[in-house]
Amino acid sequence: MGTTSDIKTRADIEVLVSNFYQRVRKDNTIGFIFNDIAKLDWEAHLPVMFDFWEMVLLGTGGYKGDTMTSHIQLNKKIELKPAHFQQWLKLFNEALDENFSGPKANEARDRAKNIANLISYRVSQSAHKV
């Protein structure tokens, strides 16, 4: 597929996020976490993720979630390991590279890396609190 256009609109965000989560759902390393442990309602979850990434990359959108708390709660059901976050990032970058290139795509790559690292760190810290 591939394209040389950058991320500019909500529609672009939807392409990226949809492609990414298609990969996640089928992935042998992390798919089960989303499908079997978190038991995501994908129809409800995807618009929330569209809003999240629209806020992160375009400064718009109506995201009102609590990303950190949801991951900390999930970690109580299954230990979220650094390898899970590395796989998440790998799949995100594959979806990004397949669909976009340019400054905003580069920003998306950097932000995804920072988000994965921050959530991984916070989740591991919360698991060690007594």
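What follows draws every value from the coordinates through simple rules; no lab data is involved. Note that this is a predicted model, so its numbers are computed, not measured. As a convention, Cβ positions derive from the backbone with ideal geometry for all residues, glycine included, and neighbour counts pool all protein chains shown.
Only one residue in 16, 74 is within 29 Å of residue 125 (Cα to Cα) and either touching a residue at least 12 places away in the same chain (Cβ under 8 Å) or surrounded by fewer than 17 Cβ atoms within 10 Å (Cβ to Cβ) (or both). Which one?
Numbers: 16 fails: within 29 Å of residue 125 (Cα to Cα).
Checking each option against the conditions leaves just 74.
Residue-by-condition table, conditions (1) more than 24 Å from residue 11 (Cβ to Cβ); (2) of a type outside the set (A, V, I, L, M, F, W, C); (3) under 13 Å from the mean Cα position of the chain (by Cα):
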| residue | (1), (2), (3) |
| --- | --- |
| 29 | yes, yes, no |
| 43 | no, yes, no |
| 48 | no, no, yes |
| 108 | no, no, yes |
| 117 | yes, yes, yes |
| 126 | yes, yes, no |
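The condition (being buried (at least 16 other Cβ atoms within 10 Å of the Cβ), under 22 Å from residue 16 (Cα atoms) and acidic (Asp, Glu)) is satisfied by just one residue among 51, 66: 51.
Is it the case, given these coordinates, that residue 79 is in contact (Cβ under 8 Å) with a residue 12 or more places away in the chain, closer than 24 Å to residue 122 by Cβ and acidic (Asp, Glu)? Yes.
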